[in-house]
Amino acid sequence: MKLLTEKQQAVLGFVEKFCASHGYPPTVRETAAAFSIQPRAAADHLAALKRKGQLHREPGRSRGLVLAARPSSRVVEAPLLGRIAAGQPMLAAENIEDTLPLPRSWVRDEEVFLLRVAGESMAPLLLPGDLVMVRVQSQVGRGEIAVVLIDDEATLKRVYEEAGGLVLKGDNPEFTPLRLTPAETAEVRILGKVVGVYRNLEGRRS
């Protein structure tokens with residue numbers, strides 16, 4: 001299912017609450033009034049929600065908006081990111097390869113994404129082909145594993161602050177830690193903290 005913008009999520013939440021409290025869906029004008037926007041803008045948001053599969057309209061009814069069937073509340077669709085570019089919003093549609101269902105008990109109410117491990121700098125903890133679950137946050141504790149964006153490359157490393165800069169260190173002793181000066185640190189961005197990993201053991205057979 002396509003990701004929603006922040007405004008679309010707000011409009012969808014309004015429609016859901018309106019249906020729950022009134023027993024029928026809101027009109028375009030009621031939606032516009034709720035957000036203090038023009039009816040045309042409200043209609044555009046509702047049309048986008050229909051295109052993204054969140055709503056559909058029953059013909060011949062004045063209040064024909066119908067909420068799409070929801071997946072089990074125990075499951076959350078998490079985006080699997082491919083390339084992450086420095087100049088784009090991290091969860092932009094062009095960065096998303098797929099979505100995968102995760103137990104809500106893993107995700108809770110946090111914003112997460114999945115990333116496929118490439119390279120062996122974090123071996124043996126994280127291996128090439130593993131999927132890591134990343135909680136979106138801009139800071140991590142000392143020694144925690146983070147997704148760090150350097151230029152247009154996302155790397156998985158343990159993060160240490162040192163003399164105003166950062167040291168990015170892998171678990172594999174064969175890889176030299178990357179030391180960043182304070183000026184270089186200002187150009188990098190922490191995207192999130194690694195909080196889980198999925199490994200296909202069948203693919204590891206020798």
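Observations on the model:
- Pairwise Cα inverse-distance average, inverted: Kirkwood Rh of region 96-153 (Å): 13.1
- Length-normalised contact order of the chain in % [C-alpha pairs under 8 Å, at least 6 apart]: 14
- Beta bridge orientation in the chain: antiparallel %, DSSP, nearest 5: 95
- What the Cβ-Cβ distance of Asp109 and Arg199 gives, at R0 = 22 Å and to the nearest 0.05, is a FRET efficiency of 0.30.
- Tail beyond 19 Å, pair distance distribution of region 6-67 (Cα, percent): 18
- Cα-based radius of gyration for the chain, normalised by 2.2 N^0.38 Å, reads 1.29.
- C-alpha long axis of helix 6-22 to longest principal axis of the chain, angle in °: 40
- Remark: the Thr185-Arg40 segment gains 47.7 nm on full extension, using 0.36 nm per residue and subtracting the alpha carbon distance.
- Whole-number percent relative contact order across region 6-67, with pairs defined as alpha carbons under 8 Å at least 6 apart: 31
- Enclosed volume per residue, in Å³, of the convex hull spanned by Cα atoms of region 109-206: 102
None of the figures in this text is laboratory data; all of them are computed from the coordinates on show. As the structure is a prediction and not an experimental result, all values here were calculated from the model. Counting neighbours? That spans all protein chains shown, and the Cβs are built from the backbone with ideal geometry, glycine included.
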